[in-house]
Amino acid sequence: MLGGVLGNVYNATKSLIKGHLVTLKELRTPKITVHYPDERLELPLGSRGMPALKVNQDTGLLNCTACGVCARECPVDAIEVEAVVGEKGRKKRYPAIYNLDMTHCMQCNLCVEACPFDALEMSDAFEISRYDLDDLIFDKEQLAEIWKTHKAVRITGGEKL
Amino acid sequence: MSEIEARRLKAEEVGHEKLILNLGPQHPSTHGVLRVITTLEGERITEAEPDIGFLHRNFEKIVEGWTWSQVIPLTDRNDYLANINNEHAYVLAVEKLAGIEVPERAEYIRVIMSELNRIASHLLTFGTFAMDMGAFTPFLYGFRERELLYDIFEKVTGARMMHNYVRLSGVRNDLPDGWDKEVLEFLDRLENDVIPDYYDLLIKNPIFEARSLGVGVLTKEDAIAYGAAGPILRGSGIDWDLRRDMPYSIYDRFDFEVITREEGDHYARFMVRMDEMIESAKIIRQAFEQMPEGPVMGKVPRVLKPEGDIYSAVEGPRGEIGVYLVGDGNFKPYRVKWRAPSFSNLSILPLMAKGQFVADIVLTIGTLDPIFGEVDR
Amino acid sequence: MSEINEKVKGRLIEQFPGVEVSETEFGQVEVKAPKEIIADLARFVREELDFDYLTMVAGVDYIEYLQLVYHIRSLKDYAELIIKVDVDSENAVVASVAPIWTGANWHEREAMDMFGIQFEGHPDPRPILLPEDWQGGHPLRKDFIDKRPKRERQFRTR
């Protein structure tokens, strides 16, 4: 009886020490936790945040032609595009309205793949929380601003990162 | 007749009072929103009834309004710990139905990513199972390794969880330079450092053994009858793995073992998962050796309107992920039925919980490892 | 592989002369059976042909009629079998296979929720994924209309 108890105590102590040795070993390994708002991880190339509208560096205008392919391809209908209407009601190849509803967007990259005009890119902007739902609907100026201030990558399928 | 005996007889005459105990839907041990209504007699469970559907969003109805390729990001959300496996299951079914060719290299990348995802999922199961048992430290160890693996994922897919990486006829982008070295380094560390640590930390612990050996035994016959899948089936001694027995994609080119254990208890299921990680690592190494150069995306027909129906399945970390598709010659699927392994696995819970101690039902749920994104769909 | 399929096909035609047996291009045996014989057919394939592992029961709404698709594996022979049963959409009653494959229990409850198919002899016919007091119809039927209030979409124009 006593032997059984002693055996149990021995086993328990042994496993306890073994477990603690694993923990002790971690004292020597480098720290992995990143204290987020103070420290930041460097995001790898192609990290997907929210989509952004590409700006032509020479003219300062958007590359978007308001064709609406992205809006059609979006599974959750997060994109709304309307072209500029010129004289005689003809549509011009420039967006008057380009709204992205980040309350719906799931950052899936399908709009970028669909875009035939090199106008959309996935930026690595992930800090998009706002106090108000209305502020989560981004218009074209804000989307262009995100493109200017963040790293953005365009992947349309098959290329190397 | 002694006094104690008399008291016992009297108690039997009166009958025990039954207690109905409600676990969940918000309960830290249920891995999601699962409600279990248990009937207790003393400490023993006489009846356990899972109540599911709290996360139900009708995936199958939503995708009926989407085109074939738009469905892929949503399949990620079914089993959110095995995203690539889910995407692979769906994409494979559509490719078979529409007769789309996939380039060699893309197949290899899919296999590598699937197996990495299996490792990530099993690492999490290691951690949560330990936490269900009351050991908090292994949970952090499991999560740390998983986070490092997710960093590796992010370099390829751009996302940590919802990858949306597998495409019809290939994958979204090629692997970046030097990525394979990083993966191999991780696998070396996993095999030589991490898993031995897990043995020291948890698996050789007498408390762990006492609480898992011989508890929650699932017999072979029951496992088959209930349609249990994956580690639960193999933990009950049934030598069945879709990757070997009905090879899909290019799994017939790899040499790996299917881990089985005869006992059918918590320990067996847990150890099947632990050993499967090493087998997955083996597959990844072979895939890197065999992987050819070339394009990663083939030609998708501009008008994708497949007709007919198909059932196709892959082996995910939790078992057989099956997709039944019906196409009616339209650009939207007519019907997508998702056969979720956790759904079948969870249906065994009433059988396994019967007669257990109430403290062990938490472990039973942990070892069945249901993911409620896919149970409720 | 195909030898087993031939054997299965032969046995099925011999036992049930009325059913349509074919092989799909993906190497699965497909059986189209009238709904009256589903219980007998299920028992036969379970006991005589060793199809012991039911993976799923799927309903499909073809508007004129409903269809139930059973996918069954044989873990011994590495074979797959698909049974398709047409069910009238107005009066959708079919015999349950849950007594034969226990795992069919939840799958049939799901089909009950989603398509309104009643399973005779089901051990536990209650809703599973939908709430117990759900009155909104059967979601996966093609004529289902979602009557719940929609979330209002906000768009900003400037």
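Figures for the structure shown
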{"item": "Residues of the stretch A:107-124 with amide N under 14 Å of a point placed 7 Å along Cα→Cβ from A:Arg154", "result": "A:111-123"}
{"item": "Degrees between helix B:83-98 axis and first principal axis of chain B (Cα, 0 to 90, nearest 10)", "result": "50"}
{"item": "Nearest-0.05 FRET efficiency for B:Glu3 and A:Asp134, computed from C-beta distance (R0 56 Å)", "result": "0.15"}
{"item": "Where B:His31, A:His35 fall by accessible area, highest first, once all protein chains stay in place (1.4 Å)", "result": "A:His35, B:His31"}
{"item": "Accessible surface of A:Thr23 - all protein chains present, 1.4 Å probe, nearest 10 Å²", "result": "60"}
{"item": "Farthest toward positive dipole pole in chain B [+1 Lys/Arg, -1 Asp/Glu at C-beta], among B:Tyr251, B:Val336, B:Val217", "result": "B:Val336"}
{"item": "Mean ellipticity per residue at 222 nm, deg cm²/dmol - from DSSP H runs of n ≥ 4 across chain A, formula -39500 (n - 2.57)", "result": "-8500 deg cm²/dmol"}
{"item": "Among C:Ile63, C:Ser74, C:Ser89 the positive-end extreme of the charge dipole of the stretch C:55-141 (Cβ point charges)", "result": "C:Ser74"}
{"item": "Modelled FRET efficiency - R0 22 Å, A:Arg28 with B:Asp151, Cβ distances, 0.05 increments", "result": "0.55"}
{"item": "Relative contact order [Cα under 8 Å, 6+ residues apart], chain C, whole percent", "result": "17"}
{"item": "Point-charge dipole on Cβ atoms (K/R +1, D/E -1) for chain B, about Cα centre, debye to 20", "result": "1140"}
{"item": "Accessible surface buried once A binds B (1.4 Å probe; total of both sides; Å²)", "result": "2600"}
{"item": "At most 13 other Cβ within 10 Å, DSSP loop - GluC sites (Glu not before Pro), the stretch C:89-143", "result": "C:Glu90, C:Glu132"}
{"item": "Probe 1.4 Å, protein heavy atoms only - accessible area per residue of the stretch B:3-375 in square angstrom", "result": "34"}
{"item": "Percent carbon-and-sulfur accessible area, chain B, ignoring ligands, DNA and RNA, probe 1.4 Å", "result": "53"}
{"item": "Helix-only CD estimate at 222 nm, as mean residue ellipticity for chain B, using -39500 (n - 2.57) per DSSP H run (n ≥ 4)", "result": "-14000 deg cm²/dmol"}
{"item": "Gyration tensor verdict on the stretch B:37-135 (Cα atoms; rounded if a/c is under 1.5, prolate if a/b is larger than b/c, oblate otherwise)", "result": "oblate"}
{"item": "Inter-chain shielding of B:164-176 (mean C-beta neighbours from other protein chains, 10 Å cut-off)", "result": "4"}
{"item": "Estimated [θ] at 222 nm from DSSP helical runs (n ≥ 4, -39500 (n - 2.57)) normalised by residues in chain C, nearest 500", "result": "-7000 deg cm²/dmol"}
{"item": "With Cα atoms, 0 to 90° folded angle of helix B:266-290 axis to chain B main axis", "result": "10"}
{"item": "Distance between modelled label sites at B:Arg44 and B:Phe136, nm, 7 Å Cα→Cβ extension", "result": "3.4"}
{"item": "Cα gyration tensor, chain C - rounded (a/c under 1.5), prolate or oblate", "result": "prolate"}
{"item": "Filter on B:Lys61/C:Lys84; A:Lys140/A:Lys160; B:Lys61/C:Lys147; C:Lys35/C:Lys76; B:Lys204/B:Lys282 - keep pairs with C-alpha separation over 18 Å", "result": "B:Lys61/C:Lys84; A:Lys140/A:Lys160; C:Lys35/C:Lys76; B:Lys204/B:Lys282"}
{"item": "Rounded to 10°, Cα long-axis angle of helix A:2-25 versus longest principal axis of chain A", "result": "40"}
{"item": "Pair C:Lys32, B:Lys220: separation of 7 Å Cα→Cβ label points (nm)", "result": "3.9"}
{"item": "DSSP beta bridges in the protein assembly as shown [antiparallel fraction, %, rounded to 5]", "result": "90"}
{"item": "Average Cα contact separation per residue, chain A, under 8 Å, 6 or more apart, as relative contact order %", "result": "26"}
{"item": "Rg and Dmax [Cα atoms of the stretch B:83-189; Å; Rg one decimal, Dmax integer]", "result": "15.5, 50"}
{"item": "Shielded by partner chains, the stretch C:48-74 residues - at least 50 Å² of accessible area, 1.4 Å probe, vs chain alone", "result": "C:Tyr53, C:Met56, C:Arg73"}
{"item": "Charge dipole (the protein assembly as shown, unit charges on Cβ, about Cα centre) - positive-most of B:Ile20, C:Ala33, B:Asn173", "result": "B:Asn173"}
{"item": "Size of electric dipole in the protein assembly as shown: Cβ of Lys, Arg +1 and of Asp, Glu -1, about Cα centre, debye, nearest 20", "result": "1740"}
{"item": "Among B:251-257, B:130-136, A:94-100, the order from most to least packed when residues are scored by Cβ within 10 Å on average", "result": "A:94-100, B:130-136, B:251-257"}
{"item": "Accessible-area value, B:Lys220, 1.4 Å probe, nucleic acids and ligands omitted, Å²", "result": "90"}
{"item": "Chain A - Cys residues lacking any other Cys C-beta under 4.7 Å", "result": "A:Cys64, A:Cys67, A:Cys74, A:Cys105, A:Cys108, A:Cys115"}
{"item": "Ranking by accessible area, most exposed first, for B:Arg105, A:Arg93 with a 1.4 Å probe", "result": "A:Arg93, B:Arg105"}
{"item": "Within the stretch A:9-87: Cβ-based charge dipole about Cα centre, in debye rounded to nearest 20 (Lys, Arg +1; Asp, Glu -1)", "result": "1100"}
{"item": "Residue with peak Gaussian network fluctuation, chain B [Cα springs, cutoff 10 Å], from B:Ile365, B:Ile152, B:Ile20", "result": "B:Ile20"}
{"item": "The protein assembly as shown shape via C-alpha gyration tensor axes, a/c threshold 1.5", "result": "oblate"}
{"item": "Ranking by accessible area, most exposed first, for C:Thr55, A:Thr65, A:Thr29, A:Thr59 with a 1.4 Å probe", "result": "A:Thr59, A:Thr29, A:Thr65, C:Thr55"}
{"item": "Inter-label distance for A:Thr13 and B:Glu289, nm, one decimal - labels placed 7 Å from Cα along Cα-to-Cβ", "result": "4.7"}
{"item": "Fully extended contour minus Cα-Cα distance, from B:Leu184 to B:Tyr199, at 0.36 nm per residue", "result": "3.2 nm"}
{"item": "Rel. contact order, % - alpha carbon contacts under 8 angstrom, at least six apart, chain B", "result": "26"}
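The values are calculated or read from the model by the stated rules, or taken from the named source; none is laboratory data. What you see is a predicted model, and the numbers here were worked out from it, not measured in a lab. Note that each Cβ is placed from the backbone with ideal geometry, even for glycine, and that neighbours are counted across all protein chains shown. Accessible surface areas use protein heavy atoms only, side chains included; no ligands, DNA or RNA. Shrake-Rupley method; radii C 1.70, N 1.55, O 1.52, S 1.80 Å.
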